[in-house]
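Comments concern the structure below.
The values are calculated or read from the model by the stated rules, or taken from the named source; none is laboratory data. Fair warning: this is a prediction, and the values are worked out from it, not measured in the lab. Heads up, the Cβs are rebuilt from the backbone with ideal geometry, glycines too, and the neighbour counts pull from every protein chain shown. What goes into the accessible areas is simple: the full protein's heavy atoms, side chains included, and nothing from ligands, DNA or RNA. Shrake-Rupley method; radii C 1.70, N 1.55, O 1.52, S 1.80 Å.
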Amino acid sequence: MLSSNFGQLDAEVKMVNKSVADWFHLDIMDGVFVPNISYGFPVVKAVAKEAEKPLDVHLMIKNPDRYLAAFKDAGAAWLTVHYETCTHLHRTLREIRNSGMKAGVALNPHTPVAALSDILQETDLVLIMSVNPGFGGQTFITQTYRKIAEAKELILRENVTTLLEVDGGVGAQNAEALYAAGADVLVAGHAVFGAADPMQAMCRIKNGIIPK
Ligand code: ZN
């Protein structure tokens, strides 16, 4: 939703409701962990009010523990924290699950997948950042393919149902390759809202990840 038009947020949410997209992805930035500020609870609540699909909330903020319950109240179904921001990640993930949400961990491009080997059992989702977090519309980092494959291998080895999500620079041009590499969830912002026909853009991305 970061790339949507906030001047007509209701219409954008209704459009996604009618589309082939499965979730709403909301990027929360604090201007400290990442060099940008996005939006906070009023926007999350406004999306939740109209949304007919789950809210997947991605926290790019320092001290996320302070706000876990507040995001649940705002309407988050999935809540993802950054590995780099959590000193007590195990506790944080437990708390997210205990509050009735699905728990995710995001990795910055420089954070190795191996960092997750002792925490995977506590996750419902792993988010691989394919750009440096902070801004929409950035170029995809190709090394991401290797990380996806490594993460998938780890998930299979640990025998967990954790979903693998890719965020940043995703569009119809790489959807199929990302799915083939092992991604389960693709986050698209600019590729959808920057397109002349967002509904069609979502179909083109989805076509790449539907098993043939
Ligand atoms: Zn995100």
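Order the following by accessible area, largest value first: 123, 142. Probe radius 1.4 Å; ligands, DNA and RNA are ignored.
Details: 123 5, 142 100 Å².
Greatest to least solvent exposure: 142, 123.
Can you tell me the FRET efficiency between residue 94 and residue 6 if r is taken as the Cβ-Cβ distance and R0 is 30 Å, rounded to the nearest 0.05?
Details: r = 34 Å, r/R0 = 1.12.
Here the calculated transfer efficiency is 0.35.
Ligands, DNA and RNA left out, the 1.4 Å accessible surface of the chain is 51% carbon and sulfur atoms. Sequentially through the range 21-30, phi angles give Karplus couplings (6.51, -1.76, 1.60; θ = phi - 60°) of 4, 9, 9, 9, 9, 10, 9, 9, 10, 10 Hz, Gly and Pro residues having no value and appearing as x.
Quick check on the range 6-207: of the DSSP beta bridges with both residues there, what percent are antiparallel, nearest 5%? Write down the numbers at each step before the final one.
On the way: 1 of 27 bridges.
Looking only at bridges with both residues in the range 6-207, the antiparallel portion is about 5 percent.
Based on alpha-carbon centroids, what's the gap between the range 46-61 and the range 171-207 in Å, whole number please? Centre-to-centre distance over Cα atoms comes out at 19 Å.
So what is the relative contact order for the chain, in percent, with contacts set as C-alpha pairs under 8 Å and at least six apart? Mind dumping the intermediate values first?
Working: 391 pairs, mean separation 36.1, N = 212.
Contact order relative to length: 17 percent.
Taking square-rooted eigenvalues a ≥ b ≥ c of the alpha carbon gyration tensor, is the range 96-161 rounded, prolate or oblate, where a/c under 1.5 means rounded and, failing that, a/b exceeding b/c means prolate? In terms of gyration-tensor shape, oblate.
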